[in-house]
Every structure is written in C-alpha cells, then in structure tokens.
Amino acid sequence: MGGHANAKTGHYIGNWGAFGCPTPQRIATYALSSNRQRPFAGAFHAAIFNTFRRFRGQVLYVVPPFVIAYAALNWAVERLRSNHYLQSKPGRMLEGGDE
C-alpha cells in the first residue's frame with residue numbers, strides 16, 4: 001500500500017510508516033501559566049464533605065462489630081473477675097459449696 005491508492009476507499013493514505021495526512025497547519029494551543037493555576041482550589045471544602053459522605057456510608061459496616069466485640073470483651077472481663085471470687089474460699093462459701 002505504499003504510495004498507491006487504497007483499494008477499499010480509493011484514497012492515498014501515505015507511504016509505509018508515514019500514514020495519514022501531511023503535517024497539520026494552523027493548530028492553536030492554549031496554556032495557563034503554572035503560577036496562575038490553583039491546584040488546591042476547593043480541596044479543603046471537598047475533603048470535609050467527602051470524608052463525611054464516606055464515613056456515613058461505612059459506619060454501619062464498622063461500628064456494630066466493634067460494639068459486639070467490646071460487649072463480649074467486657075462480659076469476659078466481668079466473668080473473669082467473678083470467677084476469681086467464686087474460686088476463692090468466701091465465694092465457695094457463698095455458693096454453698098464445700099471447702
């Protein structure tokens with residue numbers, strides 16, 4: 001296909017390795033000076049509301065397991081404290097057990 005018309009469309013698309021049209025003309029480019037940009041514009045405002053939104057979406061996945069774990073740990077600590085008492089001499093006397 002190098003240099004010949006394309007059999008399908010009948011258009012010349014350029015030599016092999018140089019497909020496409022010739023160098024484009026009159027292309028306008030615009031740029032903004034780096035000292036005029038505001039990279040953190042609205043970042044603090046967005047961070048507050050994004051954090052609240054993410055917290056609200058995840059709180060029901062995180063808080064209930066922590067509450068259950070805390071309740072289980074608290075129950076185990078209280079049971080351990082009462083178990084120490086129940087295994088002592090006054091505790092066995094209170095429960096009516098033998099010495």
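The values are calculated or read from the model by the stated rules, or taken from the named source; none is laboratory data. Not measured: the values here are computed from a predicted model. Don't worry about glycine lacking a Cβ; one is built from the backbone with ideal geometry, like all the others, and counts go over all protein chains shown.
Mind checking which residues of the stretch 85-99 are outside any loop (DSSP other than H, G, I, E, B) and exposed (fewer than 10 other Cβ atoms within 10 Å of the Cβ)? Working first, answer last.
Going residue by residue through the stretch 85-99, those that are outside any loop (DSSP other than H, G, I, E, B) are 85-86, 89-95.
Hits for the stretch 85-99 are 89, 90, 95.
So, in the stretch 39-84, of the ones that are part of a loop (DSSP other than H, G, I, E, B) and of a type in the set (Gly, Ala, Ser), which residue ends up farthest from the chain's Cα centre (by Cα)?
Within the stretch 39-84, the match that is farthest from the chain's Cα centre (by Cα) is 41.
Remark: pairs (first residue in the stretch 68-83, closer than 26 Å to residue 94 by Cβ; second residue in a helix (DSSP H, G or I) and modelled with pLDDT under 95; Cβ separation under 9 Å; 6+ apart in sequence or on different chains) = 82/91; 83/91.
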